[in-house]
Ligand code: G3H
Ligand code: 13P
Ligand code: ZN
C-alpha cells in the first residue's frame with residue numbers, strides 16, 4: 001500500500017472548496033507520456049496553478065501503470081526543482097470503470113479517483129460509486145462520480161448518445177453515494193468532433209462551424225439543488241482551430257473538428273464547476289508540432305527534434321488554459 005501523502009500529492013477536497021469560493025476552476029490535464037507531463041508540470045509550476053494530473057485506463061495500458069505512477073511521483077520532485085515550494089498536484093484516475101481499477105489506483109498512490117458508472121442503471125451507479133467511496137475515504141482519497149452520459153468518439157469512453165444530467169436526481173445521488181464531486185452532462189463530449197455539422201451554424205466569414213451553446217440551464221438547476229457542491233466538466237477541449245489548421249496544412253485530415261468555445265468555459269469556471277477536463281487539445285498541439293517538423297525537415301529522425309517542439313507547444317497551451325480560461329494561476 002502506497003499512500004499518496006507520502007508521495008507529496010494532495011487530494012481534491014480543499015482545492016475544490018477554494019476554487020468554488022474563488023470563482024475559478026482547476027485544470028485536469030490527461031497525460032500518457034513524459035513530454036505531456038513535463039509540459040503540464042512546467043506550466044503549472046510557472047503559473048503557480050494547482051493541477052490535476054489524470055490518467056485514463058487507456059493511458060495505464062499504454063504507458064504501464066507502474067511507470068505512470070512513478071512519473072507522477074517524479075512530477076512533484078520536478079515541480080519543486082522548478083521553484084514551486086509547495087506543489088498542489090493531484091494524481092487522479094480518469095473514467096475508472098470498476099471497483100478493482102479504483103482500488104488498484106488507491107493502493108498505489110493515487111490521491112483521487114473517478115468511478116464512472118454513468119452508463120449503468122441509476123441504482124447500479126449508486127451502488128458501485130458508494131462502494132468506491134467507502135474504500136477510498138478510508139485513505140482520504142477523494143472520489144468523482146458521474147450522472148448523465150456524454151456522447152464521444154474516443155476509445156474506452158464511447159457512448160452513443162448524449163443524455164443531460166437530470167437535476168432532480170443529484171441530491172439523492174450525492175447523498176447516498178457520499179461522492180466528493182460530480183461530473184455532469186450539459187452538452188460537452190469527448191474528442192475533437194464534439195458537434196456534428198448539422199448541430200452547428202457556419203460563420204459566413206470564416207466558413208468555420210459555430211457550435212450550439214452548452215446547457216447552462218441544466219448546470220444552474222444542479223447548482224440550485226446542491227449549493228456549493230463541486231461540479232466537474234468532462235469533454236472540455238476547445239479544439240483550437242490554429243492546431244487543426246496546422247495539422248491539415250502538414251498532411252493531416254481533420255475536417256470540421258470543433259470544440260467548446262473558450263468563453264463558455266470561462267463562464268463555467270466562475271460557477272461551481274471546479275474541475276475542467278482537457279485532453280484532446282493537448283493531443284492536437286502535440287500532433288500539430290510533430291507534423292510541422294516532419295513536413296519541413298523530412299531528413300529528421302531524432303525524436304527529440306520533434307517531441308521537443310511538441311512539448312513547447314503543449315506548455316504554451318496549458319499556460320493559456322490556466323491563465324486565460326480557468327483562472328487558476330497564482331492559486332497555489
Ligand atoms: O475521457 C477521455 C480521455 O480523453 C481519455 O481518453 O481513454 O483515449 O485515454 P483515452
Ligand atoms: P476532451 O476530449 O474534450 O479533451 O475531454 C477530456 C476528458 O473529458 C477526459 O476525461
Ligand atoms: Zn472524460
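Throughout, read-outs are computed from the coordinates displayed, never taken from laboratory work. From a predicted model like this one, the values you see are computed outputs, not experimental measurements. Methodologically, a virtual Cβ is constructed for each residue, glycine included, from the backbone with ideal geometry; neighbour enumeration extends over all protein chains shown.
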**OP:** Grab the Cα-Cα distance for residue 312 and residue 210, subtract it from 0.36 nm times how many residues apart they are, and report the gain in nm with one decimal.
**Re:** 33.9 nm
Original post:
With the Cα gyration tensor of segment 4-45 giving a ≥ b ≥ c as the square roots of its eigenvalues, does the rule (a/c under 1.5 for rounded; else a/b larger than b/c for prolate; else oblate) give rounded, prolate or oblate?
Top reply: oblate
Subject >> Candidates 168, 134, 88, ranked by Gaussian network fluctuation over the chain, Cα under 10 Å, top entry >> reply: 168
**OP:** May I ask you to compute the full-extension gain from residue 131 to residue 324, defined as 0.36 nm times their residue separation minus their alpha-carbon distance, rounded to one decimal in nm?
**Re:** 65.7 nm
Subject >> Relative packing of 43-53, 219-229, 275-285, which averages over residues the other C-beta atoms within 10 Å, highest first >> reply: 275-285, 43-53, 219-229
Subject >> Antiparallel DSSP beta bridges within segment 4-326, percent to nearest 5 >> reply: 10 percent
Subject >> residue 61 paired with residue 103, simple spin-label distance in nm, labels 7 Å along Cα-to-beta-carbon >> reply: 2.1 nm
Original post:
Considering the zone a paramagnetic label at residue 169 would reach in this model (a point 7 Å from Cα along the Cα-to-Cβ line), which residues of segment 58-97 have amide N under 18 Å from it?
Top reply: 95-97
Original post:
Once the piece of chain linking residue 140 and residue 14 is laid out straight, how much longer is it, given 0.36 nm per residue of separation minus the C-alpha distance between them?
Top reply: 44.2 nm
Subject >> Residue with peak Gaussian network fluctuation, the chain [Cα springs, cutoff 10 Å], from 98, 118, 237 >> reply: 98
**OP:** Would you work out if segment 1-141 is rounded, prolate or oblate? Take a ≥ b ≥ c from the square roots of the eigenvalues of the alpha-carbon gyration tensor; rounded if a/c is under 1.5, else prolate when a/b is larger than b/c, oblate otherwise.
**Re:** prolate
Subject >> Expected 222 nm ellipticity per residue - DSSP helices of 4 or more, -39500 (n - 2.57), all of the chain, to 500 >> reply: -13500 deg cm²/dmol
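Over the chain, what is the mean sequence separation of C-alpha contacts under 8 Å (at least six apart), divided by residue count, expressed as relative contact order in percent?
So the answer I get is 22 percent.
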**OP:** Indicate the gyration tensor shape class of the chain (rounded, prolate or oblate), computed on the Cα atoms with a ≥ b ≥ c the square roots of the eigenvalues: a/c under 1.5 is rounded; otherwise a/b larger than b/c is prolate and the rest oblate.
**Re:** oblate
Original post:
So, in nm, how far is label residue 295 from label residue 81 when the simple model puts each one 7 Å beyond its Cα toward the Cβ?
Top reply: 3.4 nm
